[in-house]
1. Which pairs have Cβ atoms under 6 Å, sit 6 or more apart or on different chains, and link a residue in the range 117-129 that is of a type in the set (K, R) to one that is surrounded by fewer than 18 Cβ atoms within 10 Å (Cβ to Cβ) and not in a loop (DSSP other than H, G, I, E, B)?
2. If I filter the range 103-114 down to residues being charged (D, E, K, R) and part of a strand (DSSP E or B), which single residue comes out as farthest from the chain's Cα centre (by Cα)?
3. Conditions first: (1) surrounded by fewer than 13 Cβ atoms within 10 Å (Cβ to Cβ); (2) under 18 Å from D140 (Cα atoms); (3) within 15 Å of the chain's Cα centre (by Cα). E34 passes all but one, so which condition is the exception?
4. Would you confirm whether or not the range 42-61 contains a residue that is out of contact with any Gly (no Cβ under 9 Å at 6 or more places or on another chain), surrounded by 15 or more Cβ atoms within 10 Å (Cβ to Cβ), polar (S, T, N, Q) and over 25 Å from N7 (Cα atoms)?
5. Select from the range 24-41 the residues that are within 27 Å of N7 (Cβ to Cβ) and not small (G, A, S) and list them in ascending order.
6. Please identify the pairs in which a residue from the range 28-46 that is free of Cβ contacts under 8 Å to residues at least 24 places away in the same chain has its Cβ atom under 8 Å from the Cβ atom of a residue that is among the small types (G, A, S) and not in a strand (DSSP E or B), counting only partners at least 6 apart or on another chain.
7. In the range 79-102, what count of residues is obtained for those that are closer than 17 Å to I49 by Cα and either over 15 Å from the mean Cα position of the chain (by Cα) or assigned to a strand (DSSP E or B) (or both)?
Amino acid sequence: MVSESFNHNRVVGNFVSKLGKALIYSQYEVFMSEIKVWIKEKQLFYPDIILVYGKLEFHSDRDDTITNPIIITENYDRVKKFGFYRSIPTFQEYILIDQYRGHIEHFYLESKEKWIFTDYSNEKDILKFNKIDFQISLKDVYDRVEFKKEERSESFRPSL
């Protein structure tokens with residue numbers, strides 16, 4: 001059985017490779033976990049995937065901490081972080097990807113203070129971003145991910 005960190009890495013890698021390819025030559029830029037997001041409440045977070053539109057805006061004189069993400073993707077931590085992220089003026093879309101089973105939760109800002117939620121748990125489901133022209137199947141997100149035996153019964157098992 002492959003460790004959880006390998007699964008996490010595979011999920012992030014699968015997602016970033018497809019997203020990066022779809023956004024080539026655009027004004028969007030994709031970043032992974034080493035980049036921090038600064039929130040006005042003096043909080044630093046390390047999302048798994050960050051999408052920025054246009055020029056990067058940095059916190060103070062730091063070159064590793066941005067303040068203008070529009071889309072954030074990460075492993076499950078919905079309650080606390082999502083509240084903080086919603087305080088970022090540029091933030092418009094939030095994707096939570098479960099590394100333990102085939103499951104994605106997608107939130108997007110439809111209008112001021114109104115977030116729309118969609119739940120995905122079938123490998124044939126297609127996650128469609130709302131704020132950018134990008135979509136990805138759960139099958140592609142979970143390519144080569146090996147769920148633990150007890151978790152397979154609760155989720156789909158990607159075709160290998």
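1. The qualifying pairs are K128/Q135.
2. Filtering the range 103-114 for residues that are charged (D, E, K, R) and part of a strand (DSSP E or B), the one farthest from the chain's Cα centre (by Cα) comes out as K114.
3. Evaluating E34 over (1) surrounded by fewer than 13 Cβ atoms within 10 Å (Cβ to Cβ); (2) under 18 Å from D140 (Cα atoms); (3) within 15 Å of the chain's Cα centre (by Cα) leaves (2) as the failure.
4. no
5. Looking only at the range 24-41, we keep the residues that are within 27 Å of N7 (Cβ to Cβ), and these are 24, 28-37.
Of everything in the range 24-41, those that are within 27 Å of N7 (Cβ to Cβ) and not small (G, A, S) turn out to be I24, Y28, E29, V30, F31, M32, E34, I35, K36, V37.
6. Within 8 Å, the pairs are V30/G20; Y46/S33.
7. From the range 79-102, those closer than 17 Å to I49 by Cα are 81-82, 84-86, 88, 90-99; that's our starting set.
Within this subset, residues satisfying the condition of being either over 15 Å from the mean Cα position of the chain (by Cα) or assigned to a strand (DSSP E or B) (or both) are 84, 88, 90, 93-98.
The total comes to 9.
A quick yes/no check of all residues on (1) touching a His at 6+ places or on another chain (Cβ under 8 Å); (2) buried (at least 18 other Cβ atoms within 10 Å of the Cβ); (3) closer than 23 Å to V11 by Cα; (4) modelled with pLDDT under 95:
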| residue | (1), (2), (3), (4) |
| --- | --- |
| Y76 | no, no, yes, yes |
| K80 | no, no, yes, yes |
| I88 | no, yes, no, yes |
| I95 | yes, yes, yes, no |
| Q99 | yes, yes, yes, yes |
| I104 | no, yes, yes, no |
| F107 | no, yes, yes, no |
| E113 | no, no, no, yes |
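The values are calculated or read from the model by the stated rules, or taken from the named source; none is laboratory data. All figures in this text were calculated on a predicted structure; none of them were measured in a lab. Glycine also receives a Cβ, built like all others from the backbone with ideal geometry; neighbour counts cover every protein chain displayed.
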